[in-house]
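Coordinate-derived values only; no laboratory data. From a predicted model like this one, the values you see are computed outputs, not experimental measurements. Counting neighbours? That spans all protein chains shown, and the Cβs are built from the backbone with ideal geometry, glycine included.
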Amino acid sequence: MPIEPASEATLNRAAALIRGGAVVAFPTETVYGLGANALDATAVARIFEIKARPTFDPLIVHVLDEAMLERVVERIPARAHRLIEAFWPGPLTLVLPKSAAVPDIVTSGLPTVAVRMPAHPVARTLLERAGVPLAAPSANRFGALSPTRAEHVARSLGEAVDLIVDGGPTEHGLESTILLLEPRPTLLRPGAVAIEAIEAITGPVAREVDDATRPLAPGRLPQHYAPLTPIRVVRDLASVPPAERSGAALLAFTATVPGYAASRVLSPSGDLREAAAHLFESLHELDALALARIDVEAVAETGIGIAIMDRLTRASAR
Ligand code: TXA
Ligand code: MG
């Protein structure tokens with residue numbers, strides 16, 4: 001497996017690979033990304049090939065700083081400035097009018113580009129040394145669970161990736177929040193930045209896209225982020241009969257219950273952030289056991305809990 005720790009030498013090699021049109025997996029503070037030079041259509045095409053991702057699904061472009069941002073957007077809408085100030089670098093993705101420099105394959109022909117400025121030091125060093133914006137979706141096969149560790153990338157994509165830069169487990173463990181700004185602030189995907197924190201700056205954010213302006217966003221497909229084992233979301237663990245527990249795995253929020261073949265707890269203290277950080281990782285582990293089903297305990301739909309329940313609902317749809 002082409003996994004290498006994020007040493008100076010590896011980061012230099014990764015940057016050189018990117019400049020040469022290769023595809024490199026790297027850590028961000030949310031999940032691992034599969035990156036290529038966003039301004040090189042041929043390099044970006046390899047991302048779609050490796051992920052088996054349909055080309056109608058546009059990619060997120062990662063930038064180092066505002067100078068790099070200005071290369072990929074045509075203009076910065078007024079309401080973007082305060083969000084950028086508050087949340088960048090960090091796990092908020094903004095959908096902005098794209099510049100001519102961004103090839104259509106990146107945006108699936110949309111006039112907008114999804115951009116974020118990552119906070120992870122490895123991602124930032126790579127951006128700085130490569131000197132180009134990085135188009136990077138999550139580094140997993142299309143529709144599968146997002147990777148929160150280098151080994152998850154290797155398991156999902158294997159030898160197809162030129163290099164996997166290992167920066168350890170990711171901090172948030174859940175993808176960025178995606179916000180459309182025009183014609184009005186609209187949540188396209190709940191994520192690591194709580195929607196309430198955004199609304200404190202922008203005022204009310206629409207939760208549903210008007211059909212007329214609906215962009216294609218497969219992260220919004222009913223079935224997505226799915227492990228191989230069937231998932232069931234359970235609101236009351238006590239209500240699951242013993243016969244349904246044996247042979248199945250449990251992913252509990254604060255405490256396990258007896259009778260399951262295997263179990264994991266997301267956050268003993270009931271902290272939703274901690275639960276989000278462990279969600280995909282725990283699902284990867286329980287999925288590897290190949291049991292009949294994974295029961296996942298529902299969490300409260302506030303703050304980051306909204307993003308957790310969004311992923312669980314999609315992962316459980318079959
Ligand atoms: O945390 C993250 O956002 C991670 C890390 C690697 O940055 N990336 C990530 O990328 O989750 P991906 O490709 O798995 O999800 C990007 C989502 C897709 O659902 C895509 O449809 C949507 O962003 N998207 C991209 N460009 C868009 C655009 N111009 N308009 C609307 N949605 C867009
Ligand atoms: Mg993804």
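At-a-glance table
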item: Order of Asp65, Asp310 under a 10 Å beta carbon neighbour criterion, fewest first; result: Asp65, Asp310
item: Computed over the range 231-316: relative contact order in percent, which uses C-alpha pairs under 8 Å that are six or more apart; result: 37
item: Relative contact order (percent, whole number), the chain, Cα cutoff 8 Å, 6+ residue spacing; result: 20
item: Helix-only [θ]222 nm of the chain, DSSP H runs n ≥ 4, -39500 (n - 2.57) each, per residue, nearest 500; result: -9500 deg cm²/dmol
item: Residues with amide H under 5 Å from that of Arg189, placed H, sequence gap 5 or more; result: Ile178
item: Between 0 and 90°, nearest 10: helix 121-130 axis offset from the chain longest Cα axis; result: 30
item: On Cα atoms only, tilt of 305-316 relative to the major axis of the chain in degrees; result: 80
item: Angle between the chain longest axis and helix 8-19 axis [Cα atoms, degrees, rounded to 10]; result: 60
item: Fewest-first sequence of Leu96, Leu179 by Cβ atoms within 10 Å of each Cβ; result: Leu96, Leu179
item: Cα-projected label distance for Arg75 with Glu274, points at 7 Å along beta-carbon direction, nm; result: 4.7
item: Inter-probe distance in nm under a simple model that places probes 7 Å from Cα toward Cβ, at Ala290 and Glu66; result: 5.4
item: Per-residue HN-Hα couplings for the range 250-265 [Karplus 6.51, -1.76, 1.60; θ = phi - 60°; Hz; x = Gly/Pro]; result: 10, 10, 9, 6, 10, 8, 7, 10, x, x, 7, 5, 7, 8, 9, 10
item: Proxy reagent accessibility, fewest Cβ within 10 Å first, across Phe280, Phe142, Phe26; result: Phe142, Phe280, Phe26
item: Dipole axis of the chain (+1 Lys, Arg; -1 Asp, Glu on Cβ), positive-most option in Asn37, Ile308, Leu110; result: Leu110
item: Added length on full extension, which subtracts the Cα-Cα distance from 0.36 nm per residue, Ala86 to Thr302; result: 75.7 nm
item: nm² value of the averaged projected area, convex hull over the Cα atoms of the chain; result: 15.4
